[in-house]
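The values are calculated or read from the model by the stated rules, or taken from the named source; none is laboratory data. Computed from a predicted model, the values in this text were never measured in an experiment. Cβ: placed from backbone, ideal geometry, glycine included. Neighbour counts: every protein chain shown.
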Amino acid sequence: MRTASQLLLTFLLNACWQIALVTAFASLSSLLLRNSAARYRHWVWVAALFLALGIPLTTSSQMLGESVVAFVSQPAETTTIQPVLFTERRAIGFSESLEAPDVFLLNRSIAVLLIGIYVAVLAYGAYRFVSAWFVTGHLRRTSIELDDNERISGLLQHCASAISGASDVVQIRFSESVPVPITIGVLKPIIILPQQLLAEANDEVLTSAIGHELIHVRRRDYALNFIYELLYLPLLFHPAAGLIRRRIRQTRELSCDELVAERVLNAEIYARSLVKLASSAPPLRRLSVTTTVGIADADILEARIMSSLRKPKLDSPLKRMILIGVSLLLALPCIAAASFAMRFEVGPSGSEMAAQEPSQQEKERQEKEKVTGEMRKRAYSISEEEFKERMMKDPRFREEVEAKQALEFKMRAVRQAALVRLARISMDQAIQIATSQIPGKVLECTLNAEHWEEPGKLAKDGFVFYHVIIVSEGDADEGASNHVLVNAVDGTIIRKEKELPRKERPE
């Protein structure tokens, strides 16, 4: 469950900037192709949709892969060696989990809130999509077949021959529930015309409607639109993803308009017919969630008319160069995502942090007392009372002790910074690895190292490890604890050993 929440948070928070980056580069690419055919811009926005979903998913899968590698890399058997003295034990806290520079911890309450909002948005989007699917099915069931209408059949044959399509695979129906022509169906496509359009005396308007929808059939836009809507569903929370979806719809209609004006009707005649057909669509229908495709899917009537009347201005060599440049341009978000992707994990909530670790002042006081006690034992070999008395009465002695304390703290800070830099797995991952070997309650987890060459630099035989102390169920009553050392680089078990209560230790 924890891994799933980490994957979801990594997906969501990386998607916030990655989708925006993809949309920006797609907009620039579309701008470069403004004088070319609309189908090229359509491909750009379709590629942007796949990248907008694929890049965050790849980032999340990389995190999952690292966790799997950490578990797989554990040896099947471990060898217990002689006990070593473990020092500097500290309780697991929020700040000490920041071992790797590319891992960001989120407060658990904030993480739960973000995940809850996303799940709610996703559920709402799924509800709308399923509702649209049922509406489409209802339109199909309630539409009425045309009875041997020679006029409609003749126009269908004309359009099919003009665009090199077979009219026998398409069925035309009419319905009172649709205000504009639409196309539904994958294997058995159906063109549904509004009932009032059948009374249209102008054959050019009917030809425009049938020709446009027939091109949707030939391009398999219904099936592709269904796929695009499914891909858009996990990205529903992001406004830039909504822009990508809208541009896909708009460029799809522009592409169909260009083909109709090129193969079926004169551009001026089609533009006049388009005004009459598209203007009958309700504004809310144009951007609503739907699984159908139709002549009124885009809300850019003026741009569609101008595009139908305008011919592409780019010659072939220049067009090829721009297409190559656009392809390279769309690769930039992938490179940026791989270089700057962040990993997020769930940290403890505020109450858990308070329960797990003392205040910062208390920690500093305890650390200072510990360092002072160690210095007194190592350097001065005097009793605690004598040490305190000299600290109060001898200024030179006090200055010497304070200077040594400052140096000791500085060296510890250097070592801790080196540990943070060298660790490649997180503390949570180390705990998971340790508890997979010895199930139980984790008391402490410390990031440490052995064999320093100098402060901040490990020797050639040095290694960084997590020291995890676990109390299993069987050892809780006895007072025993288990010590597991987990390699902080590859997640392997260095050693594991059982510490007996002091009264049970052999003399």
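Could we say that residue 64 is at pLDDT below 85, under 30 Å from residue 327 (Cβ atoms), in a helix (DSSP H, G or I) and in contact with a helix residue (DSSP H, G or I) (Cβ under 7 Å, 6 or more places away or on another chain) here?
Working: at pLDDT below 85: yes; under 30 Å from residue 327 (Cβ atoms): yes; in a helix (DSSP H, G or I): yes; in contact with a helix residue (DSSP H, G or I) (Cβ under 7 Å, 6 or more places away or on another chain): yes.
Taking the combined requirement at face value, the residue satisfies it.
Considering only region 292-324, how many residues are of a type outside the set (Asp, Glu), at pLDDT below 70 and surrounded by fewer than 17 Cβ atoms within 10 Å (Cβ to Cβ)?
4
Filter region 171-203 for residues that are farther than 25 Å from residue 275 by Cβ and buried (at least 16 other Cβ atoms within 10 Å of the Cβ); which is nearest to the chain's Cα centre (by Cα)? Quick ask: steps written out before the conclusion?
Step one: list which residues in region 171-203 are farther than 25 Å from residue 275 by Cβ, which gives 171, 185-190.
Next, only the ones that are buried (at least 16 other Cβ atoms within 10 Å of the Cβ) stay: 171, 185, 189-190.
Numbers: 171: 42, 185: 32, 189: 35, 190: 37 Å.
Among residues in region 171-203 that are farther than 25 Å from residue 275 by Cβ and buried (at least 16 other Cβ atoms within 10 Å of the Cβ), the one nearest to the chain's Cα centre (by Cα) is 185.
Can you tell me how many residues within region 159-201 are within 19 Å of residue 256 (Cα to Cα), outside any strand (DSSP E or B) and of a type in the set (Ser, Thr, Tyr)?
3
Restricting the search to region 247-282, which residues are buried (at least 17 other Cβ atoms within 10 Å of the Cβ), within 39 Å of the chain's Cα centre (by Cα), closer than 18 Å to residue 182 by Cβ and not hydrophobic (A, V, I, L, M, F, W, C)?
Answer for region 247-282, where residues must be buried (at least 17 other Cβ atoms within 10 Å of the Cβ), within 39 Å of the chain's Cα centre (by Cα), closer than 18 Å to residue 182 by Cβ and not hydrophobic (A, V, I, L, M, F, W, C): 249, 250, 252, 253, 255, 257.
Go through (1) farther than 30 Å from residue 324 by Cβ; (2) at pLDDT below 85 for residue 112 and report which single condition fails.
In the conditions (1) farther than 30 Å from residue 324 by Cβ; (2) at pLDDT below 85, residue 112 misses (2) alone.
Quick one: which of 156, 231 is closer than 30 Å to residue 26 by Cβ, out of contact with any Cys (no Cβ under 6 Å at 6 or more places or on another chain) and part of a helix (DSSP H, G or I)? Quick ask: steps written out before the conclusion?
Values: 156 fails: closer than 30 Å to residue 26 by Cβ.
Just a single option satisfies the conditions, and that option is 231.
Can you give me the ranges of the strands (runs of 3 or more DSSP E) entirely in region 400-507 with at least 1 residues that are modelled with pLDDT under 80, out of contact with any Pro (no Cβ under 8 Å at 6 or more places or on another chain) and not polar (S, T, N, Q)? Break it down stepwise before answering.
Values: elements: 441-454, 457-471, 481-487, 493-499.
Ranges flagged: 441-454, 457-471, 493-499.
Looking at this structure, is residue 397 of a type outside the set (Ser, Thr, Tyr), touching a strand residue (DSSP E or B) at 6+ places or on another chain (Cβ under 7 Å) and either modelled with pLDDT of 70 or more or not in a helix (DSSP H, G or I) (or both)? Steps first, please.
Details: of a type outside the set (Ser, Thr, Tyr): yes; touching a strand residue (DSSP E or B) at 6+ places or on another chain (Cβ under 7 Å): no; either modelled with pLDDT of 70 or more or not in a helix (DSSP H, G or I) (or both): yes.
For residue 397, the condition - of a type outside the set (Ser, Thr, Tyr), touching a strand residue (DSSP E or B) at 6+ places or on another chain (Cβ under 7 Å) and either modelled with pLDDT of 70 or more or not in a helix (DSSP H, G or I) (or both) - is not met.
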